[in-house]
């Protein structure tokens, strides 16, 4: 087997990683020092770092309330994503009349930005009486087409014989999804969890539109509010950004193996 | 190879009923002792411990000493506490030093205060005091030094 030298690839990856990680490092460094980000020459290493800007964030705004709201909304979105996307993904593994049209419709809907459908989404949410509520905040993210396709690809990799055996044993379709498909599609589940969590966690426009109570605001709205109150406190602002980013990064680090498997599971099928 | 050794059976094993109850302990161990439970659990435990510590040390006490430039304690000096109010500091309270130059502030509500001492003849510099939580009990490690020229 011909062996290529690996150092050029590693060098390229290190270079790309460096440029991608520098902004994160800069945010972290500024959150620890509060230094002027426009200062010249910029200092690479933090001078007199401390964590007191994080304490400022905790007390300047109701951070715990925003955090709890974001957690509730994200958990709702994740649970709904798992249920609806798994069912839709399983349905799309079946052969039925109009399946091609449905797939085409799904793919075309992926190209429509959320901003274009936000008015009908608002009206529907209003008709359901869910404005200014946790369920209403999570509603547009209850199902996402990308995640449906992730489940579809993963379910299609499950041997047909297993499903037939389950049917012979008398399992209903929902039991097949619950007891056969999902346990064998852990990477797809992890991908769904991470994507739904991050999309919900970072969502700004929809919560901005449908929340009226300050007590229902999520962290991205809190960040905007914080910026309007304390625009001269660079360190605290960046500390807020780090605190908002932390849960998503933690979740990704916990489930990165399954996440990568889930995204690539459909790519290597024969 | 027995039926239980097949890879697909290994995947499905936790879901199947086990009449003898064998392996239930390992199932629970596997469900609980994994990083998805341990990491959030550790965070929750750390949060609880921290909140316990805070509740035991948030009496709002600030203790310190006031001295003159030569290091002698100053009795009767007035110590002023300013608390952070959005982007400025406003006066919150005052305390007076005893014969040994020691003062005790008992009602600090903030996590970021400034403190200085003054007498009719002089004033100390403002000391910026950042605390880890609101009302953290604190003892100043350096005394407030009155300077006749300051203020």
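Brief remarks on what is shown
- Scanning segment A:25-51 for residues that are in contact (Cβ under 8 Å) with a residue 40 or more places away in the chain and assigned to a helix (DSSP H, G or I) returns A:27, A:28, A:30, A:31, A:32, A:33.
- If you go through segment A:225-240 and pick out every residue that is part of a helix (DSSP H, G or I) and crowded, with 19+ Cβ neighbours inside 10 Å, you end up with 7.
- Exactly one residue out of A:210, A:249, A:198, A:180 is without any contact (Cβ under 8 Å) to a residue 12 or more places away in the chain and either surrounded by 14 or more Cβ atoms within 10 Å (Cβ to Cβ) or within 13 Å of chain B (Cβ to nearest Cβ) (or both): that is A:249.
- Some residue of segment A:63-83 being farther than 30 Å from residue A:195 by Cβ and either away from chain B (no Cβ under 14 Å) or crowded, with 17+ Cβ neighbours inside 10 Å (or both): no
- One residue from B:100, B:107 being in the same structural domain as residue B:75 (by TED's automatic domain parsing), assigned to a loop (DSSP other than H, G, I, E, B) and surrounded by fewer than 13 Cβ atoms within 10 Å (Cβ to Cβ): B:100
- Meets criteria (more than 14 Å from chain B (Cβ to nearest Cβ) and in contact (Cβ under 8 Å) with a residue 12 or more places away in the chain) for residue A:205: yes
- None of A:224, A:214 is within 20 Å of the chain's Cα centre (by Cα) and at pLDDT below 90 except A:224.
The values are calculated or read from the model by the stated rules, or taken from the named source; none is laboratory data. The shown structure was predicted, so the numbers you read here are calculated from the model rather than taken from an experiment. Don't worry about glycine lacking a Cβ; one is built from the backbone with ideal geometry, like all the others, and counts go over all protein chains shown.
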